[in-house]
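Undergrad: To start, I am sharing the structure in question, which I have written as structure tokens.
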Amino acid sequence: MYPTYSYTKRVELPGVTVQLVAGHGPTQGDTPMMRRALYCPSTPRVLLENLTVSRGKVKKSVGRAGVEQHLIATCEARGEDALHALRDQARALAPSLGLERELAILDGLIGAVPGTRKTEMSTPAGKAMVAHIPYDAHRLALFEKLAAALRSVPLRQPAAGPRSEQSRLHFTFLDASVPAGTARALLAMFLVSEVHPFLDAMQWIHQWTAAFDYESLDKVIADMQLCNAFEKSRVQHQLLFPQNA
């Protein structure tokens with residue numbers, strides 16, 4: 001734990017080490033806790049201070065990657081306006097904390113998340129967002145976990161089968177071993193059901209496709225373009241229903 005204090009000191013407590021770090025006291029936006037002289041820092045201050053250089057084996061800040069992940073999560077949950085508010089608050093706060101260098105980094109990251117500024121990103125999600133490639137780190141980890149579990153399940157080896165052709169047909173029908181490709185099929189079914197409830201998804205897709213007029217190929221392509229059907233970024237574009245539906 002690295003709370004900011006009036007001087008630097010290391011305090012060993014049962015089960016936890018508190019490293020007091022000399023720095024600025026409470027500023028605008030910091031919230032008092034438990035009616036004591038203990039404050040929870042504002043989000044802009046947290047982001048700025050986590051971009052400071054951290055030396056030593058134990059890092060006191062999450063660094064650029066951690067801040068980048070937080071900004072992406074904020075944008076996905078609350079939209080670009082929330083990022084703009086964070087940037088404005090950070091700009092007002094940084095001079096009093098002496099964190100102008102960190103503000104420049106934060107400003108670039110905030111601009112890169114919605115794609116209004118070119119800044120190098122360090123996380124896989126950030127790089128995908130800059131490239132306008134749909135990316136969901138939580139679902140990706142979930143799918144990888146399922147795939148690993150399916151790979152680890154041993155397939156029962158069938159016993160020696162009978163020799164006659166008729167017996168082989170019966171043996172294949174009664175064989176309880178897992179057919180080849182079952183693990184891949186299970187993964188695909190899980191992916192579809194996790195992305196969207198299957199029945200709801202099928203009904204929505206049917207309604208969406210049936211809403212277009214297919215008399216003219218050029219017109220249906222133009223209408224689908226208006227619905228963002230050919231866009232790749234799920235952050236910047238949302239699939240829309242045809243306006244005349």
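The values are calculated or read from the model by the stated rules, or taken from the named source; none is laboratory data. Model, not experiment: these values are computed from the prediction. A quick note on method: Cβ atoms are made from the backbone with ideal geometry, for glycine too, and the neighbour counts reach across all protein chains shown.
Undergrad: Mind listing whichever residues of the range 1-16 are closer than 23 Å to Gln89 by Cα and surrounded by fewer than 16 Cβ atoms within 10 Å (Cβ to Cβ)?
TA: Within the range 1-16, Pro3, Tyr5 qualify.
Yes/no per residue for (1) in contact with a Ser or Thr (Cβ under 7 Å, 6 or more places away or on another chain); (2) among the acidic types (Asp, Glu); (3) closer than 26 Å to His132 by Cβ:
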| position | (1), (2), (3) |
| --- | --- |
| Met33 | no, no, no |
| Leu38 | no, no, no |
| Val46 | no, no, no |
| Glu49 | yes, yes, no |
| Thr52 | yes, no, no |
| Arg64 | yes, no, yes |
| Glu68 | yes, yes, yes |
| Leu83 | yes, no, yes |
| Arg87 | no, no, yes |
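Undergrad: Select, from Gln28, Gln19, Gln69, the only residue that is under 23 Å from Met121 (Cβ atoms), surrounded by 11 or more Cβ atoms within 10 Å (Cβ to Cβ) and of a type outside the set (D, E, K, R).
TA: The match here is Gln69.
Undergrad: Here's a follow-up. Quick check: is even one residue across the range 34-51 exposed (fewer than 15 other Cβ atoms within 10 Å of the Cβ), more than 16 Å from Ala90 (Cα to Cα) and among the hydroxyl-bearing types (Ser, Thr, Tyr)?
TA: Looking for residues that are exposed (fewer than 15 other Cβ atoms within 10 Å of the Cβ), more than 16 Å from Ala90 (Cα to Cα) and among the hydroxyl-bearing types (Ser, Thr, Tyr), one finds none in the range 34-51, hence no.
Undergrad: Does the range 120-147 hold any residues that are in a helix (DSSP H, G or I) and among the hydrophobic types (A, V, I, L, M, F, W, C), and which are they?
TA: Ala125, Ala128, Met129, Val130, Ala137, Leu140, Ala141, Leu142, Phe143, Leu146, Ala147 - these are the residues of the range 120-147 that are in a helix (DSSP H, G or I) and among the hydrophobic types (A, V, I, L, M, F, W, C).
Undergrad: Moving to a separate point now. I'm trying to understand the selection: among the residues of the range 56-72, which are out of contact with any helix residue (DSSP H, G or I) (no Cβ under 9 Å at 6 or more places or on another chain) and farther than 16 Å from Glu102 by Cα?
TA: Gly56, Lys57, Val58, Lys59
Undergrad: Within the range 57-72, is even one residue in contact with a Gly (Cβ under 7 Å, 6 or more places away or on another chain) and among the charged types (D, E, K, R)? Can you show your working first?
TA: Here is the first cut: in the range 57-72, the residues in contact with a Gly (Cβ under 7 Å, 6 or more places away or on another chain) are 68, 72.
Still in the list and also among the charged types (D, E, K, R): 68.
Yes.
Undergrad: On to the next question. Out of all the residues in the range 58-89, which are hydrophobic (A, V, I, L, M, F, W, C) and farther than 23 Å from Pro3 by Cα?
TA: Correct list: Ile72, Ala73, Cys75, Ala77, Ala82, Leu83, Ala85.
Undergrad: Condition first: modelled with pLDDT under 70 and of a type in the set (Gly, Ala, Ser). Can you find one or more residues in the range 214-231 that meet it? Before you say what the answer is, go through the steps one by one.
TA: Pass one, the range 214-231, residues modelled with pLDDT under 70: none.
Scanning the range 214-231 turns up no residue that is modelled with pLDDT under 70 and of a type in the set (Gly, Ala, Ser).
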